[in-house]
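Okay, so here's the structure we're looking at.
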Amino acid sequence: MTLFILIALLIFAVLALLPQWWIKHTLAQHGQQREDLPGTGSELAAHLLYEMDLHDVRVIRGGKGQDYYDPSNKKVSLSPEHFDGKSLAAVAVAAHEVGHAIQHHNMEPDFLRRIDMNIKAQKIEKYSAWAMMVTPVLPLLTRLPHTSLLTIAFGLAGMLAATWVHVLTLPVETDASFNKALPMLQKMEKLSETDLKGARQVLRAAAFTYVAATLSSLLSIGRWLMMIRR
């Protein structure tokens, strides 16, 4: 039975890593610098925000891998390669994050629900992290070996909360990509049909980033369940 579970976890680990590989491959494939594009990712984001009358939203340079929209501070963060880059990846990712700003401006229920769930999940994750930290020493302090099961349960609760938020996020992400970003890129009439096809691939990758995160969370839960069985 244990061997079967190990094999199942190994297969699931491969399946969990495939979406991450696909996302990285897609972004790299369309990440080549293009001097024929009208501007950088940050310039496009600023232009789209202006066109949508979102004058209170700022565009900032984030760290590596920090492409996101911050609703609490109304900021579109773009990683250096997308902030300064003139590539299809930079253009599509910038439009995707502006799509989230539009969702926020329109007070769309799914987006607001995600904000609320994210706040709650972060609180649960914070407490579960503390629980996991004391797991090794708690049985020594209490001299009750089964107390570690309680702290592990708290840890699993945090992971499940993160997974649930990622599941709720998918409709929000696909809307930002294909109902917000893609129409804006098409309306600009600056990209050829070939470029729009590439932009769609990047937008799909951007939307499914949280699917990869969900699979990773489930894999972590599986590892902890294996520890409990031991």
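Which residue is surrounded by the most Cβ atoms within 10 Å (Cβ to Cβ), if the candidates are limited to region 176-203 and must be in a helix (DSSP H, G or I) and out of contact with any helix residue (DSSP H, G or I) (no Cβ under 7 Å at 6 or more places or on another chain)?
Applying the filter and picking the extreme gives Met188.
Condition first: free of Cβ contacts under 8 Å to residues at least 60 places away in the same chain, surrounded by fewer than 20 Cβ atoms within 10 Å (Cβ to Cβ) and outside any helix (DSSP H, G or I). Now tell me which residues in region 80-108 satisfy that.
Asp84, Lys86, Asn106, Met107
Checking the conditions here, which among Ser77, Ser87 is touching a strand residue (DSSP E or B) at 6+ places or on another chain (Cβ under 9 Å) and within 29 Å of Ser192 (Cα to Cα)?
Residue meeting the stated conditions: Ser77.
Condition first: surrounded by 14 or more Cβ atoms within 10 Å (Cβ to Cβ) and more than 20 Å from the chain's Cα centre (by Cα). Can you find one or more residues in region 23-33 that meet it?
Among the residues of region 23-33, not one is surrounded by 14 or more Cβ atoms within 10 Å (Cβ to Cβ) and more than 20 Å from the chain's Cα centre (by Cα), which makes the answer no.
Of the residues Leu182, Leu196, only one is in contact with a Lys or Arg (Cβ under 9 Å, 6 or more places away or on another chain) and under 17 Å from Ala90 (Cβ atoms); which?
On inspection, the qualifying residue turns out to be Leu182.
Values in this text are rule-based calculations from the coordinates and carry no lab data. Just so you know, these numbers come straight off a predicted model, no measurement behind them. Using ideal geometry, Cβ is built from the backbone for each residue, glycine included, and neighbour counts are taken over all protein chains shown.
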